[in-house]
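Comments concern the structure below.
Derivation of every value follows stated rules applied to the coordinates shown; laboratory data play no part. As the structure is a prediction and not an experimental result, all values here were calculated from the model. Note: ideal-geometry Cβ built from the backbone for every residue, glycine included; neighbour counts use all protein chains shown.
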Amino acid sequence: MVKKVLKFGGTSVGTIKRIQHVAALIKKELSLDNKIIVIVSAMAGKTNELIKLSSEISDKFSKRELDVLLTSGEQVSCALLSGALINLKVKAKSWLNWQIPILTSGEHSNARIINMHVEKINEFLNDGGVAVIPGFQGISKQGDITTIGRGGSDATAVATAKIFNADTCEIYTDVDGVFSTDPNKIPVAKKIDKISYDEMLELSSLGAKVMQSSAVQTAMIYDIPLEVKSTFTERKGTKIFNQENIDYSKSVTGVAYSKDDAKITITGVEDKPGVAANLFEPLNKAQINVDMVIQNISSDQKTTDITFTVKRDDILKTKMILKENTKINYKKIIQNDKVAKISIVGAGMVSTPGVTYRMFRALSDEKINILAISTSEIKLSVLIEEDNTLKAIKKLHTTFDLD
Ligand code: ADP
Ligand code: ASP
Ligand code: MG
């Protein structure tokens, strides 16, 4: 008997017909003598719809109340799926986050699961029942409802697999697995059969939302193998696991992109020690994450320009902090939020020389200007004008033999 965690994303439970399809899939898994814990997301579009409602009341809507509101999306899909299973004569039961409970720590909208009570659910599984659990949420020590970040049902699935000591953790979604790039944007994208945690973590952090990055991180820490597969086809999915088992014949495994960055340039900053520290310290204090940084070489040895990127949502706050900063003198602040970050990721990059040059050459062949660069051992990211996103992904995909 195998204990399985099966997670179904928003599109997989997006309509009643799809919920019935998922229920049939679960019934089949149960008939193979498996113990099944199901994690569900809210029906597709529901979370966004609820966020929109809250913003109609205020753009500073209480974070506590927002969490109460958003968790209702998963409550609906849990009950519908559980009801659909019961309708198929499967013993099933849904639990809300506080009934289990799923304990979290950390702030509203960005909490982390720290534990779950297992007894009641294990008892139910031992009796042949299917447990249906809401993704994306929990309850704090103070008894407040919390959410764990967008796309967080993936993290609930991984945490559940760990805490319940499951044998497998399967992430069912609307594509066949993890692809070399977003298959909905680039149809020649290829499905990847196996990928290491490190590569998957880079891809998800850089914009491949097929897996939420904190879920991959937890899976990596606890060595929980994951499988991403389609709810709608029987095709083999993608296995995400420990690096040792991966073939590194390719230098680049995938291309990711994100459009949630913005670029800020501060011109005419004094060129002397301590300026960068004075500039970035208050941003750090305000929990604004600075990603790429470029400092131009000063031509007159007196002033220079500093360019950096932050999340697009943080741009107003960043500008306000810069303007209030009395420790730096500058000429002006220029912002550009029509930018995109394109990244190539691959564990094989470590042992293949020339990847950087090939990426830059490929972009220059397409007359795409690079605005900023950042690198790590297994990834290379460039910032470009947003209009060039698709052209850049296509070109890099072909350049690195991923088509
Ligand atoms: P779910 O609702 O099942 O959690 P998501 O919408 O969060 O699904 O993630 C699946 C989507 O991720 C796909 O529909 C696809 O458009 C997008 N995606 C982005 N990059 C990739 C990639 N490299 N491989 C597969 N899907 C990707
Ligand atoms: N419903 C949540 C969201 O849309 C969580 C999830 O789908 O994983 O972000
Ligand atoms: Mg998702």
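Could you compute the net charge surrounding D198? Neighbours are other residues with a C-beta less than 12 Å from the C-beta of D198; K and R count +1, D and E count -1. Before the final figure, lay out each step's value.
Details: positive: K379; negative: E199, E202, E244, E377.
So the environment of D198 carries a net charge of -3.
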The value for the range 74-161 (convex hull of the alpha-carbon atoms, volume per residue, Å³) is 84
From fewest to most C-beta neighbours within 10 Å, the residues H397, H108, H21 line up as H21, H108, H397
Rounded to the nearest Å, the spacing of the alpha-carbon centers of the range 96-117 and the range 1-49 is 21
Using the Kirkwood formula on alpha carbons, the hydrodynamic radius of the range 193-263 in angstrom works out to 13.1
Shape call for the range 5-146, from the Cα gyration tensor axes a ≥ b ≥ c (a/c under 1.5 means rounded, otherwise prolate when a/b beats b/c, else oblate), comes out oblate
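Quick check on the chain: helices-only [θ] at 222 nm, where DSSP H runs of length 4 and up contribute -39,500 (n - 2.57) each and the sum goes over total residues. Nearest 500, please.
Working: 11 runs with 134 residues, N = 403.
-10500 deg cm²/dmol, from helical runs alone.
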What the Cα atoms of the range 169-208 span along the principal axes, largest first and in whole Å, is 25, 22, 16
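Using C-alpha positions alone, give me the convex hull volume of the chain per residue in cubic angstrom. If you can, show how the numbers build up before the last one.
Working: hull volume 63.3 nm³, N = 403.
With only Cα atoms used, the chain gives 157 Å³ per residue.
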Rounded to the nearest 10, the angle in degrees between the Cα long axis of helix 46-57 and the longest principal axis of the Cα atoms of the chain comes to 60
Calc'd 3J(HN,Hα), the range 130-135, phi into Karplus 6.51 cos²θ - 1.76 cosθ + 1.60 (θ = phi - 60°), Hz, glycine/Pro = x, comes to 9, 8, 10, 10, x, x
Taking N as the number of residues in the range 251-294, the ratio of its alpha carbon radius of gyration to 2.2 N^0.38 Å works out to 1.57
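Suppose a student asked you for the relative contact order of the range 101-211, using Cα pairs under 8 Å spaced at least 6 residues apart; what percent would you report?
Numbers: 135 pairs, mean separation 21.6, N = 111.
Contact order relative to length: 19 percent.
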Full extension between M1 and K52 adds, at 0.36 nm per residue less the Cα distance, a length in nm of 13.9 nm
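Only Cα pairs under 8 Å and at least 6 apart count here; give the relative contact order of the chain as a rounded whole percent. Provide the component values of the computation, followed by the final result.
Numbers: 855 pairs, mean separation 54.2, N = 403.
Relative CO of the chain lands at 13 percent.
Sorted by average packing, counted as other Cβ atoms within 10 angstrom per residue and highest first, what order do 138-147, 25-34, 340-349 take?
On the way: 138-147: 18.6, 25-34: 15.3, 340-349: 24.4.
Most protected by this proxy first, the peptides run 340-349, 138-147, 25-34.
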Which of K27/K236; K259/K319; K4/K141; K17/K91; K7/K239; K229/K395 exceed 23 Å between C-alpha atoms? The answer is K4/K141; K229/K395
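Taking a threshold of 24 Å on the Cα-Cα distance, which of the pairs K162/K194; K52/K332; K52/K323; K3/K46 fall above it? Before the final figure, lay out each step's value.
Working: K162/K194 21 Å; K52/K332 35 Å; K52/K323 31 Å; K3/K46 30 Å.
As for pairs spanning more than 24 Å Cα to Cα, those are K52/K332; K52/K323; K3/K46.
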